[in-house]
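Following: one structure in structure tokens, then a few remarks.
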Amino acid sequence: MPKNQNKNIELLNGDPKKSLPRLALPVMVTMVITSLYNVVDGIWVAGLNAEAISGIGLITPLWMVINGVSNGLAHGATSAVSRHGIDDKAKAEKSAEHALIIFVLGAILLTLILLTVLYPYLSTFHVNETTHQAAVDYALPLFLGLSGFTLSCGCAGLMRAEGDTKRPMYACSLGVILNGCLDPVFIYTLGMGAAGAAVSTIFTSFISAFIMLYWMFVKKDTFYRIKPSRIIRPKWDNAIAKDILNTGIPASLELLMMAFASFLFYSYIRTLGGDYGVAVYSSGYRLYLLNLLPVTAISLSSVAIVGTFYGKKDVVNLRRTHSYCCLYATGIGLALTLLVFLFSSQIAQVFALTSDDPKLISGISHFIGITAFCIPFLGIGLPSTFMYLGMGKGKYSLLWTTINEVICAASATYLLGFIFHLGLTGIWWGFVLGRGTACCCNFIFARYTIQSFSKRLP
């Protein structure tokens, strides 16, 4: 076994106190890089016209669906492969082969769905013909080639299953860098307009995917060996496919729950604060998501570790993985909360839509100063949610995402904002109250889940 494979496998099977931070940093970088695809497209398209910018903006929610489904299936693959691990290497490899087939089939199905809903979706916005055409020009190549993005996310998930988080980071970084370089070529030099941005995104996504597939199929320096012949002529195993989808589908559906909750939040905020409230929320929420990145990265890096110890029935290290993940994530969350709370005014000036609007800057400062208190609570909630994915219990993950976003957060924001007449301030504190309550309950349920697993062992 090559030296790097030994190190990756040892990392997964080693002390979670040390392995979690080592896996988390590359994962966080990869998450940031992947999210930049749509941002980079928007930056280059800004040189066309306002209609092109608006057109890409209309497709952003559908891009989030692509991102959510791709990463959800990747989580399912990471969980399934890591749970078999070195103790059943043959089954782990068979799971990886099934996962690659599922990535392709899932991409085809998602393409057909998005193409079907595209025109009805755009018709709900009642935009002018130029904006509508720009949205269509951007969406069609993006949807037709989304298998590249799905494969890129999926291959990264398979490599995380064996503790290799650095090389996916390199491959995805190259893709985004190339996207930034090729966008102006396709958009302006070749005169493709908004469509050029989508073509560049898909083209560079395929490059990232092909690099990782090269490591798997040609260089063959991954721990789990995947044979092309077994993918072309697969011996299909419904149990393995079900195992992957039992985690992958609920993980993908979590995005729909979050999107529904976001719709509720926007409706509450617009009712109480009008365009000003929406502007404050839209600007401040970007910082909120940025603060979540380290917490999410640590939680995501635990999936393969949890899967490894769960597959080995090592309850002690399974519990330690969850504990250390919560400890690290909460510690980082507290540090970020303190930083944002102390410097909210200065940070608000950076994230304001316009720096010469004192009222908006003050509103953003108020928003981020309050909602930052959510982050430490998510430091125990997100590790618990991702722990369920590692254990192959995707339904639990979906359940707690729904409880967190739709039931607790949406209810608390409505209660404080409307019933107690606290206005936008009530909405902001509702985020903290609702998510904080859900995260505490989620943590308790996670410990109960570990304890129940322990009792079922002989």
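For the reader, a short list of remarks on this structure follows.
- Relative frequency of Cα-Cα separations exceeding 12 Å in segment 84-133, percent: 72 percent
- Percent of alpha-carbon pairs separated by more than 41 Å within the chain: 16 percent
- Cβ-derived FRET efficiency at R0 56 Å, H421 paired with L174, nearest 0.05: 0.60
- Largest to smallest principal axis extent of the C-alpha atoms in segment 161-237, angstrom: 45, 29, 20
- Rg(Cα) / (2.2 N^0.38 Å) computed for segment 226-299, rounded to two decimals: 1.80
- Percent accessible area from carbon and sulfur atoms, segment 133-224, protein chains only, probe 1.4 Å: 73 percent
- Accessible surface for segment 310-448, divided over its residues, is 43 Å² per residue with a 1.4 Å probe.
- Table column - 3J(HN,Hα) (Hz), segment 141-157, Karplus curve with 6.51, -1.76, 1.60, x for Gly and Pro: x, 5, 6, 5, x, 5, 4, x, 5, 4, 5, 4, 5, x, 4, 4, x
- With only the Cα atoms considered, segment 315-458 has a convex hull volume of 110 Å³ per residue.
- An ellipsoid equivalent to segment 418-458, defined through the eigenvalues of its Cα gyration tensor, has semi-axes of 37, 7, 4 Å when rounded to whole angstrom and sorted largest first.
- By average C-beta atoms within 10 angstrom, highest first, the peptides 254-262, 157-165, 387-395, 267-275: 157-165, 387-395, 254-262, 267-275
- Rg over Rh, two decimals, segment 269-374 (C-alpha only, Kirkwood Rh): 1.17
- For peptides 145-156, 437-448, sequence by mean Cβ density within 10 Å, most packed first: 145-156, 437-448
- Gain upon complete extension [R447, E10; 0.36 nm per residue less C-alpha separation]: 154.7 nm
- For segment 105-226, the Kirkwood radius over C-alpha pairs fed into Stokes-Einstein at 37 °C and 0.692 mPa s yields D = 208 µm² per second.
- Full-stretch length increase - H126, A239 - with 0.36 nm per residue and alpha-carbon distance subtracted: 36.1 nm
- Each part reduced to its alpha carbon centroid, segment 227-303 and segment 140-160 end up 16 Å apart.
- Element breakdown for segment 282-337 at a 1.4 angstrom probe: carbon and sulfur atoms account for 69% of the accessible area.
- Evaluated at q = 0.12, 0.23, 0.24, 0.26 Å⁻¹, the base-10 log of the normalised Debye intensity for segment 50-111, with identical point scatterers placed on the Cα atoms, takes the values -0.43, -0.89, -0.93, -1.00.
- Theoretical ellipticity at 222 nm over the chain - DSSP helices of four or more residues, -39500 (n - 2.57) apiece, nearest 500: -28500 deg cm²/dmol
- Share of pairwise Cα-Cα distances greater than 28 Å in segment 20-169 is 30 percent (whole percent).
- Extension gain from S282 to A259, taking 0.36 nm per residue of separation minus the Cα-Cα distance: 6.9 nm
- The modelled label-to-label distance between D221 and T271, using points 7 Å beyond Cα along the C-beta direction, is 5.8 nm.
- Simple spin-label estimate for R456 and F343 gives 4.7 nm between the two label positions (7 Å along the Cα-to-Cβ direction from each Cα).
- Ranked by the mean number of other Cβ atoms within 10 Å of their residues, highest first, the peptides 202-215, 224-237, 66-79 fall in the order 66-79, 202-215, 224-237.
- Placing unit charges on each Cβ (+1 for Lys and Arg, -1 for Asp and Glu) gives the chain a dipole about its Cα centre, and among C155, G430, A107 the Cα reaching farthest toward its positive end belongs to C155.
- Set of lysines with alpha-carbon distance to K91 below 16 Å, sequence-local pairs under 8 removed: K227, K235, K242, K312
- At a probe radius of 1.4 angstrom, the accessible area of segment 105-231 per residue rounds to 41 square angstrom.
- Short-range pairs are left out: with C-alpha atoms under 8 Å and at least six residues apart, the relative contact order of the chain is 21 percent.
The values are calculated or read from the model by the stated rules, or taken from the named source; none is laboratory data. The shown structure was predicted, so the numbers you read here are calculated from the model rather than taken from an experiment. With ideal geometry, Cβ positions are generated from the backbone for all residues, glycine too; neighbour counts draw on all protein chains shown. Surface areas here come from the heavy atoms of the whole protein model, side chains and all, with no ligands, DNA or RNA. Shrake-Rupley method; radii C 1.70, N 1.55, O 1.52, S 1.80 Å.
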